[in-house]
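Since every read-out is calculated from the coordinates, none of them should be taken as a lab result. All figures in this text were calculated on a predicted structure; none of them were measured in a lab. Don't worry about glycine lacking a Cβ; one is built from the backbone with ideal geometry, like all the others, and counts go over all protein chains shown.
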Amino acid sequence: MNEKELLAKITEKFPAVIESKPAAGALPAFNLTLDVPAASIADVCAWLKTGGLKFDYLAALSGVDLKDKLQVVYHLYSLEMKHKLILKADLDRLAPELPSVNSVWQAANWHERETYDMFGIKFNGHPYLERILTAEGFEGYPLLKDFIAKPDQYD
């Protein structure tokens, strides 16, 4: 199945999903990038895994600060069918949250915790959304572009 056929199957099931241009410098291995409404991300991901397309591998889930909004990016693979796909979900900078995909791929557990810790993005339904990399009591989210580190933060 080529990218056009894959896009047609996905948009037939989820009309709100639209194709977007890959980011500048994107890896050529990922030829199809889709924008997904944040509220629909868990439903889309569950269907991609179980709805016949067999996206069984979440390679990466990461946050991005685009100054005016935050974004979560998912890199997905189907090991059996050899599909590759990027999903992007835009979030409100002031209240960044979206459904967890931990129930779809267990690998999302750590990725979502890291994204929460670094960007403050909340993943609703995550079983243990706690900081994972920063020190206990750390204030702020260090990968936000407006984060200012305090010199005495670790004293």
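Structure notes:
- Gain on full stretching of the segment that runs from residue 1 to residue 82 - 0.36 nm per residue minus C-alpha separation: 28.3 nm
- Rounded to the nearest 5, the antiparallel percentage of DSSP beta bridges internal to the chain is 75%.
- Compared with the dominant Cα axis of the chain, that is its longest principal axis, helix 108-119 is turned about 50°.
- Theoretical ellipticity at 222 nm over the chain - DSSP helices of four or more residues, -39500 (n - 2.57) apiece, nearest 500: -6500 deg cm²/dmol
- Under 12 Å, Cβ to Cβ, from residue 114 - net charge with Lys/Arg +1 and Asp/Glu -1: -1
- Residues listed by number, the range 78-111, amide nitrogen under 19 Å from residue 35 label point at 7 Å toward C-beta: 85-99
- Computed Kirkwood radius, in angstrom, where 1/r is averaged over Cα pairs of the range 3-124: 14.4 Å
- Order of 132, 86 - criterion: other Cβ atoms within 10 Å of each residue's Cβ, fewest first: 132, 86
- Shape analysis of the range 89-155 based on the Cα gyration tensor places the equivalent ellipsoid semi-axes at 23, 15, 8 Å, largest first.
- Between helix 3-13 and the chain: long-axis angle, C-alpha atoms, 0 to 90°, nearest 10: 80 degrees
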